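Heads up, the thing below is written out as structure tokens.
The values are calculated or read from the model by the stated rules, or taken from the named source; none is laboratory data. All values reported here derive from a predicted model rather than from experimental measurement. Just so you know, the surface numbers come from the protein's heavy atoms only, side chains and all, with ligands and any DNA or RNA stripped out. Shrake-Rupley method; radii C 1.70, N 1.55, O 1.52, S 1.80 Å.
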Amino acid sequence: MPKRWVVLFVLFFARTVMAIQFQSVAALSPFIMDSLAITLTEIGILIGLFSGPGIIVAVAGGAVASWFGDKRTVIASLVLMVVGAA
């Protein structure tokens, strides 16, 4: 299989996992609100807290990629994303 198809598959997989992570809280928010007795404001704070570490990691991502190499950094990031989703 040519390398471009592998790259396309990896990108597709990463975007799919990210979409599931971002949309799961929003889609399940009525159930979360009922079971935990929280408001929409608190759901928004939950989503914001979920996005916060990603912003911090993205700032340092360039330095990490230059130290360890792009390929290792991308593979480790994808593995951590899959583990986090599971």
What the 5 Å binned alpha carbon P(r) of the chain shows, as percent of pairs per bin from 0, is 3, 12, 17, 20, 18, 12, 8, 6, 4, 1, 0
Probe 1.4 Å, heavy atoms of protein chains only: per residue, the accessible area of the chain in Å² is 81 Å²
Extension gain (nm, one decimal) between residue 35 and residue 79, 0.36 nm per residue minus Cα-Cα:
12.7 nm
What percentage of the solvent-accessible surface of the chain, computed with a 1.4 Å probe over protein heavy atoms, is contributed by carbon and sulfur atoms?
77 percent
